[in-house]
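Step one of this worksheet: look at the structure below.
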Amino acid sequence: MGNFSLFQQYFDNAPLMNVPGRTHPVEIFYTPEPERDYLEAAIRTVVQIHMCEEVAGDVLLFLTGQEEIEEACKRIKKEIDNLGPEAGELKCIPLYSTLPPNLQQRIFEVAPPNKSNGAIGRKVVVSTNIAETSLTIDGVVFVIDPGFAKQKVYNPRIRVESLLVSPISKASAQQRAGRAGRTRPGKCFRLYTEKAYKNEMQDNTYPEILRSNLGSVVLQLKKLGIDDLVHFDFMDPPAPETLMRALELLNYLAALDDDGNLTDLGAVMAEFPLDPQLAKLLIASCPHNCSNEILSITAMLSVPQCFTRPNEAKKQADDAKMRFAHIDGDHLTLLNVYHAFKQNQEDPQWCYDNFVNYRSLKSADNVRQQLSRIMDRFNLKRSSTEFTSKDYYINIRKSLVTGFFMQVAHLEKDGRYLTIKDNQVVQLHPSTCLDHKPEWVVYNEFVLTTKNYIRTVTDVKPEWLLKLAPQYYELQNFPQCEAKRQLEILQTKMETRQYQEGY
């Protein structure tokens, strides 16, 4: 598997050993024509296998994400129910990374028994590519591969990292097929043509370093004393523009000076296992007297989405979420969830009742402890503003600006948001807890789907941007837009001291 010759060359023509896995033969089937709707084709194939295959054995279906998987499970169940009592029982089990652990364990349940009429009972596991290499599910004999997966892609021009549904590589297709032959001979149904496999698919998955934001990578290389990044011997050299964007980000965050050297702040940031923005945010929260709260928010941002929204209880889940909602935005909503989790003694039943993912919150708690230890090592004071003070939430929101000042959007007169500097038209993600549209927001991530969304957003004041990130908000470098005009007016006020007490 994989491009072994690349590794051989990189490690000075190291000798190659081939250790074959113990697998059984797998028969591969292709579709004669390309499928217009791979989800529909996948569901149809599950039903055909269940009804027509005379050999007992379970089914593994690969899909791209949680929503698609839940939709497929619902439709498969409906199709089987419509076949009537003569059909064998089919147990449909979803698998994706944010599923609670007790539900992930269901993939190891045995298949339903055969019926007295001889109809075979099976289970079908509908999974993301987590099941491609990470685990083996005993009993799987049939694999259905639509040929797609979600992959991270990065656009350095607008600094946006997104998950997009993309065709898989031949290497991934072979891995998927191999899942059918782990314990006995199997069959793999590829929902694409043999011609597409041979001529259109890449041999190997595009390396992640070529489709990622390199901020963390460059910071670690600088920490190791590697200064000449342009000539560094990467196995797969990233595009110069991606490297330049990473250097620019670290310079604005004050992790690198104008000559590209690691600063004292950058050296401390490099010790945190976080994106540079989050590391800067955490360190800068100390003078704002809210490092305890920013620790919790950072931990919550570092784990999978904590809110669950089951198909059969969407309204109850939405109502539960709004009980945690904070008027100023989603970062403070996450803080409310974490505080409530701790106040309820980390009770899994409380999580279930409130539609939050116990595993995500437990992970956040572990991350928080790890980050606390690193803060202690560098004598970064952990403190909180008095909860009853009017500055309690203001200090937290100001702190968010110190890390996310490059991720700001402004509400235009036509009701759309424009991202600062890059002028991308965006909308607030439907998952936001905000019930209004603040004029200025910081956002945690830019999500590319059918529309451009900004997710996890908080209301901020424009004067904080000018005061806390003056290097980035040098307005002569800004493209013409309404946000620039407003910031210029505000800056003039601040400079002529018409703008009075504090910020």
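The values are calculated or read from the model by the stated rules, or taken from the named source; none is laboratory data. Computed from a predicted model, the values in this text were never measured in an experiment. Note: ideal-geometry Cβ built from the backbone for every residue, glycine included; neighbour counts use all protein chains shown.
Of all the residues that make up region 475-495, how many are under 11 Å from I420 (Cβ atoms) and surrounded by 15 or more Cβ atoms within 10 Å (Cβ to Cβ)?
Within region 475-495, residues that are under 11 Å from I420 (Cβ atoms) and surrounded by 15 or more Cβ atoms within 10 Å (Cβ to Cβ) number 5.
Condition check: in a helix (DSSP H, G or I), outside the structural domain of L103 (by TED's automatic domain parsing) and not hydrophobic (A, V, I, L, M, F, W, C). Does K381 satisfy that?
So K381 does not fit the description; no.
Kindly indicate whether M244 is in contact with a helix residue (DSSP H, G or I) (Cβ under 7 Å, 6 or more places away or on another chain) and under 24 Å from E161 (Cα atoms). Talk me through it step by step, then tell me what you get.
Values: in contact with a helix residue (DSSP H, G or I) (Cβ under 7 Å, 6 or more places away or on another chain): no; under 24 Å from E161 (Cα atoms): yes.
Taking the combined requirement at face value, the residue does not satisfy it.
Name the single residue, out of those in region 398-418 being touching a Cys at 6+ places or on another chain (Cβ under 9 Å) and either in a strand (DSSP E or B) or among the hydroxyl-bearing types (S, T, Y) (or both), that is farthest from E161 (Cα to Cα).
From region 398-418, those touching a Cys at 6+ places or on another chain (Cβ under 9 Å) are 398-399, 410, 412, 418; that's our starting set.
Subset that is either in a strand (DSSP E or B) or among the hydroxyl-bearing types (S, T, Y) (or both): 399, 410, 418.
Values: S399: 23, H410: 20, L418: 17 Å.
It comes out as S399.
Out of L191, L221, L214, which single residue is in contact with an Asp or Glu (Cβ under 6 Å, 6 or more places away or on another chain), surrounded by 13 or more Cβ atoms within 10 Å (Cβ to Cβ) and among the aliphatic types (A, V, I, L, M)? Show your work before the answer.
Numbers: L221 fails: in contact with an Asp or Glu (Cβ under 6 Å, 6 or more places away or on another chain); L214 fails: in contact with an Asp or Glu (Cβ under 6 Å, 6 or more places away or on another chain).
The unique qualifying residue is L191.
Count, please, the residues in region 90-111 that happen to be outside any strand (DSSP E or B) and under 28 Å from R309 (Cβ atoms).
Taking region 90-111 as the starting set, the residues that turn out to be outside any strand (DSSP E or B) are 96-111.
Narrowing further to those that are under 28 Å from R309 (Cβ atoms): 96-109.
So the count comes out to 14.
For region 342-355, which positions are part of a helix (DSSP H, G or I) and either within 28 Å of I69 (Cα to Cα) or small (G, A, S) (or both)? Before you say what the answer is, go through the steps one by one.
Residues of region 342-355 that are part of a helix (DSSP H, G or I), as a first pass: 342-343, 348-353.
Result: P348, Q349, W350, C351, Y352, D353.
If you go through region 15-40, how many residues are closer than 14 Å to K187 by Cβ and of a type in the set (F, W, Y)?
2
Do you know which of the residues in region 44-76 that are at pLDDT 95 or above and among the basic types (K, R) is farthest from L163 (Cα to Cα)?
R44
What residue, of L164, L99, is closer than 30 Å to K451 by Cβ and touching a residue at least 40 places away in the same chain (Cβ under 8 Å)?
Numbers: L99 fails: touching a residue at least 40 places away in the same chain (Cβ under 8 Å).
Only one candidate qualifies: L164.
Considering only region 284-294, I want to know if a residue exists there that is assigned to a helix (DSSP H, G or I), of a type in the set (D, E, K, R) and in contact with a helix residue (DSSP H, G or I) (Cβ under 6 Å, 6 or more places away or on another chain). It would help to see each step written out before you state the result.
Here is the first cut: in region 284-294, the residues assigned to a helix (DSSP H, G or I) are 284, 291-294.
If we keep only those that are of a type in the set (D, E, K, R) as well, we get 293.
After this cut, where a residue has to be in contact with a helix residue (DSSP H, G or I) (Cβ under 6 Å, 6 or more places away or on another chain) as well, the list is 293.
Checked against the condition, which is being assigned to a helix (DSSP H, G or I), of a type in the set (D, E, K, R) and in contact with a helix residue (DSSP H, G or I) (Cβ under 6 Å, 6 or more places away or on another chain), region 284-294 yields at least one hit.
Name every residue in region 401-441 that is under 22 Å from L250 (Cα atoms) and without any contact (Cβ under 8 Å) to a residue 60 or more places away in the chain, in order of residue number.
Within region 401-441, V408, A409, K421, N423 meet the criteria.
Write out, first by first residue and then by second, each pair whose Cβ atoms fall under 9 Å of each other, whose residues are 6+ apart or on separate chains, and whose first residue, in region 196-218, is within 30 Å of E33 (Cβ to Cβ) while the second is at pLDDT below 90 and in a helix (DSSP H, G or I).
Qualifying pairs under 9 Å: N204/L6.
Select from region 311-331 the residues that are assigned to a helix (DSSP H, G or I) and either among the acidic types (D, E) or in the same structural domain as I69 (by TED's automatic domain parsing) (or both) and write down the one among them that is nearest to T456 (Cα to Cα). Outline the logic, then answer.
So the first thing to find is which residues in region 311-331 are assigned to a helix (DSSP H, G or I), and the list is 311-324, 330-331.
Among the residues that remain, those that are also either among the acidic types (D, E) or in the same structural domain as I69 (by TED's automatic domain parsing) (or both) are: 312, 318-319, 330.
Values: E312: 25, D318: 16, D319: 18, D330: 5 Å.
Among residues in region 311-331 that are assigned to a helix (DSSP H, G or I) and either among the acidic types (D, E) or in the same structural domain as I69 (by TED's automatic domain parsing) (or both), the one nearest to T456 (Cα to Cα) is D330.
Looking at K484, K421, K437 in this structure, which one is modelled with pLDDT of 95 or more and either within 12 Å of H410 (Cβ to Cβ) or assigned to a loop (DSSP other than H, G, I, E, B) (or both)? Write out each step before concluding.
Details: K484 fails: modelled with pLDDT of 95 or more; K421 fails: modelled with pLDDT of 95 or more.
After applying the criteria, what remains is K437.
Here's the yes/no breakdown for (1) among the basic types (K, R); (2) at pLDDT 95 or above; (3) part of a loop (DSSP other than H, G, I, E, B); (4) more than 27 Å from E86 (Cα to Cα):
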residue: K123; (1), (2), (3), (4): yes, yes, no, no
residue: I137; (1), (2), (3), (4): no, no, yes, yes
residue: F142; (1), (2), (3), (4): no, yes, no, no
residue: K152; (1), (2), (3), (4): yes, no, no, yes
residue: I158; (1), (2), (3), (4): no, no, yes, yes
residue: S162; (1), (2), (3), (4): no, no, no, yes
residue: S166; (1), (2), (3), (4): no, no, no, yes
residue: A173; (1), (2), (3), (4): no, yes, no, yes
residue: R179; (1), (2), (3), (4): yes, no, no, yes
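Looking at (1) within 30 Å of K195 (Cβ to Cβ); (2) of a type in the set (V, I, T); (3) exposed (fewer than 10 other Cβ atoms within 10 Å of the Cβ), can you tell me which one V19 breaks?
Failed condition: (1).
Restricting to region 344-400, name every residue that is in contact (Cβ under 8 Å) with a residue 24 or more places away in the chain, more than 23 Å from D275 (Cα to Cα) and aliphatic (A, V, I, L, M).
V356 - this is the single residue of region 344-400 that is in contact (Cβ under 8 Å) with a residue 24 or more places away in the chain, more than 23 Å from D275 (Cα to Cα) and aliphatic (A, V, I, L, M).
Limited to region 119-142, what total is found for residues that are closer than 13 Å to R176 by Cβ and among the charged types (D, E, K, R)?
1
Give the residue, chosen from P101, P113, that is under 21 Å from the mean Cα position of the chain (by Cα) and surrounded by fewer than 13 Cβ atoms within 10 Å (Cβ to Cβ). Full working, then the answer.
Numbers: P113 fails: under 21 Å from the mean Cα position of the chain (by Cα).
Residue meeting the stated conditions: P101.
Name the residue that is nearest to L278 (Cα to Cα), counting only residues in region 401-418 that are among the small types (G, A, S) and either crowded, with 18+ Cβ neighbours inside 10 Å or modelled with pLDDT of 95 or more (or both).
Just the residues of region 401-418 that are among the small types (G, A, S), to begin with: 403, 409, 415.
Filter again for either crowded, with 18+ Cβ neighbours inside 10 Å or modelled with pLDDT of 95 or more (or both), leaving 403, 409.
On the way: G403: 6, A409: 18 Å.
The qualifying residue nearest to L278 (Cα to Cα) is G403.
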